[in-house]
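Participant: Please read through the structure below; I'll follow up with questions.
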Amino acid sequence: MDKRFSALDLDALRSFVEGIQSASFAVAADRLCRSTSAVSAQLKKLEQQCGVALTVKQGRTLALTPEGEILLSYARRMLALNDEALRAIKGEQLQGEVRLGMQEDFGESVMPQVLGDFNRQHPELRLTARVERNQPLLRGVAVNELDLALVWQEGREGNCVRSEPLAWICRSREDVEALLQRGEPLPLVMFDAPCLLRSRAIAALDSAGIPWRIDFTSHSLSGLWAGVSAGLGITLRTRIGLPETLQIDNRLLPNAGELGIALHQGDDTADTAISSMKALILRTLNG
């Protein structure tokens, strides 16, 4: 064994991960049935073992340093492997049901891997999944119809897992150039209101002084992609789930910023099956 390195404390790693996911080490302490001072001591221990600062104060909260982001990714995988090993040794199989909701963009890009991995790890668990837009998913968590919901979120606060840059998506870049050269209002393909991305697109165009009009609306993501593919206009999304037949063109249109990916959880924070699914989603999203 290389004597330059010591073994990272798994309990300290668990407090670190829970603190970041909860956006509060005080909340983490409560969930882990520890005192806040004990959790803070574990964070300091990790920083001493790593030889670098893992968090930095940002207002009233703590944000990850670049080294902290690296450790968070490894910590999630180490804890998941530790818990999986213990369950295998003890012959334990998780029982019950997990009700998962995902925004449509994640349905084809994230859902297959998450569902496949979860089923292999916990074959005795029942799993139900819903793919819908943000508001129905958030309501589902609020009224206890869903245990977890992966949705878009404005800003990076709270339950934000990571952020994705927004992109203007079109059938071809030549289409965008031709539309702008004609000087007519830019045709947009959007979800029905209310829609976070619709609002962001309109705000960005208004700020840049570019006239626009909604030419096509859809209730579903597949309908939105069909409208763009047919040349009915352009839309604003992230690259997640982007069809290969469509293109991104950010050259002539305003920067619309980023959008957060948030994982919302219901009231049953102590359920092992839900926690296992949550950890798997976070590992899948963060690599």
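Participant: Inspect the range 200-213 for any residue being surrounded by 14 or more Cβ atoms within 10 Å (Cβ to Cβ), under 30 Å from residue 100 (Cα atoms) and touching a residue at least 24 places away in the same chain (Cβ under 8 Å) and give the result as yes or no.
Facilitator: yes
Participant: Just a yes or no: is a residue in the range 68-79 over 26 Å from residue 146 (Cα atoms), open to solvent by 30 Å² or more (accessible area, probe 1.4 Å) and either at pLDDT below 80 or more than 23 Å from the chain's Cα centre (by Cα) (or both)?
Facilitator: no
Participant: Are there any pairs, at least 6 apart or on different chains, whose C-beta atoms fall under 9 Å, with the first in the range 123-140 and open to solvent by less than 50 Å² (accessible area, probe 1.4 Å) and the second modelled with pLDDT under 85 and among the charged types (D, E, K, R), and if so, which?
Facilitator: 125/97
Participant: Any residue in the range 29-56 that's more than 12 Å from residue 11 (Cα to Cα): show its pairings with residues that are among the charged types (D, E, K, R) at Cβ separation under 8 Å, as long as the two are six or more apart or on different chains.
Facilitator: 31/18; 49/9; 50/67; 52/67; 53/47; 53/67; 54/47; 54/67
Participant: Return yes or no: is residue 144 at pLDDT 85 or above and within 15 Å of the chain's Cα centre (by Cα)?
Facilitator: no
Participant: Given the criterion at pLDDT below 80 and either out of contact with any helix residue (DSSP H, G or I) (no Cβ under 8 Å at 6 or more places or on another chain) or charged (D, E, K, R) (or both), identify the matching residue among 94, 86, 62.
Facilitator: The conditions single out 86.
Participant: Also: In this structure, is residue 243 loosely packed, with under 15 Cβ neighbours inside 10 Å and either among the polar types (S, T, N, Q) or in a loop (DSSP other than H, G, I, E, B) (or both)?
Facilitator: Against the criterion (loosely packed, with under 15 Cβ neighbours inside 10 Å and either among the polar types (S, T, N, Q) or in a loop (DSSP other than H, G, I, E, B) (or both)), residue 243 qualifies.
Participant: Considering every residue within the range 269-278, establish whether at least one is basic (Lys, Arg) and farther than 16 Å from residue 161 by Cα.
Facilitator: For the range 269-278, residues basic (Lys, Arg) and farther than 16 Å from residue 161 by Cα: absent.
The values are calculated or read from the model by the stated rules, or taken from the named source; none is laboratory data. This structure is a prediction, so every number in the text was calculated from the model and none was measured. Positions of Cβ are backbone-derived with ideal geometry, glycine not excepted, and every protein chain shown enters the neighbour counts. Ligands, DNA and RNA are stripped out before the accessible areas are found, and what is left, the full protein with its side chains, is counted by its heavy atoms. Shrake-Rupley method; radii C 1.70, N 1.55, O 1.52, S 1.80 Å.
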